[in-house]
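Can you read through this structure? Questions will come right after.
Here, each number is a calculation from the coordinates, and none is a lab measurement. Here the structure is a predicted model, which is why all the values come from computation and not from measurement. As a convention, Cβ positions derive from the backbone with ideal geometry for all residues, glycine included, and neighbour counts pool all protein chains shown.
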Amino acid sequence: MDPGDVVERFREYLRDHNLPVTHQRVDIARVLLQSDRHLSVEDVTRELRRSGHRAGLATVYRTIELLVKCGLVVERDFGEGFKRFEPARDIPQHEHLLCTTCGRVTEFRDERLERITTLVAETHGYLRQRHRLVIHGVCAACRSGAPPS
């Protein structure tokens, strides 16, 4: 889906819930919805500043909360002591690799994981609904000393 369309969906959500459609909220939504990375609140604030926009930290937190609530953004907790956020996309279940050195997050999908999680659940009498996997390690760039791309 086009990021501009998604931002418009956020505007509609705000209007439908009688919430102000402010330029700060729209700017925050653009940063998150147009990103291909998993951003923290600090990353969003930094990106806003970089693009010449400003919003208070409380506004960033509240706007992200609204974006999660309306289903346009997904919250991720990789056990780093803070949360990251990614646009909700129409892609299948995916997993994450997290570099413990630079913080880079890489998404991947492997059908074998889907099959094995279903088998494990069934073995224990569960009907699998969803799962979450985060592999913590050191990316190739950090291992080689090269800056991450």
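Among LEU57, LEU72, SER35, which residue has its Cα positioned farthest towards the positive end of the charge dipole of the stretch 1-86, with +1 placed on the Cβ of Lys and Arg, -1 on the Cβ of Asp and Glu, and the dipole taken about the Cα centre?
Result: LEU57, furthest along the dipole toward the positive end.
Taking Cα extents along the principal axes in Å straight from the coordinates, which label in (1) 50, 40, 21; (2) 50, 43, 28; (3) 71, 32, 21 is the correct one?
This structure yields the entry labelled (2).
Report, in debye and to the nearest 20, how large the dipole of the chain comes out about its Cα centre when Lys and Arg carry +1 and Asp and Glu carry -1 on their Cβ. Write down the numbers at each step before the final one.
Working: 24 positive and 22 negative charges, 75 e Å.
Magnitude of the dipole: close to 360 debye.
If I model a spin label at ASP16 and ARG128 as a point 7 Å from the Cα along the Cα→Cβ vector, what separation in nanometres do I get?
Distance between the two pseudo-spin positions: 3.2 nm.
Still on this structure: Neighbour counts of other C-beta atoms within 10 Å: give me CYS102, CYS139, CYS70 arranged from fewest to most. Provide the component values of the computation, followed by the final result.
Working: CYS102 13, CYS139 20, CYS70 17.
Starting with the residue having the fewest Cβ neighbours, the order is CYS102, CYS70, CYS139.
Charges only on Cβ, +1 for Lys and Arg, -1 for Asp and Glu: so what's the dipole of the stretch 95-144 about the Cα centre, in debye to the nearest 20?
Details: 8 positive and 6 negative charges, 24 e Å.
Computed about the Cα centre, the dipole is about 120 debye.
Just report the Cα centroid separation between the stretch 80-149 and the stretch 1-77, whole Å.
23 Å
Another question, if that's okay. How far is it, in nm, from the label point at HIS136 to the one at ALA121 when both lie 7 Å from their Cα along the line to the Cβ?
2.5 nm
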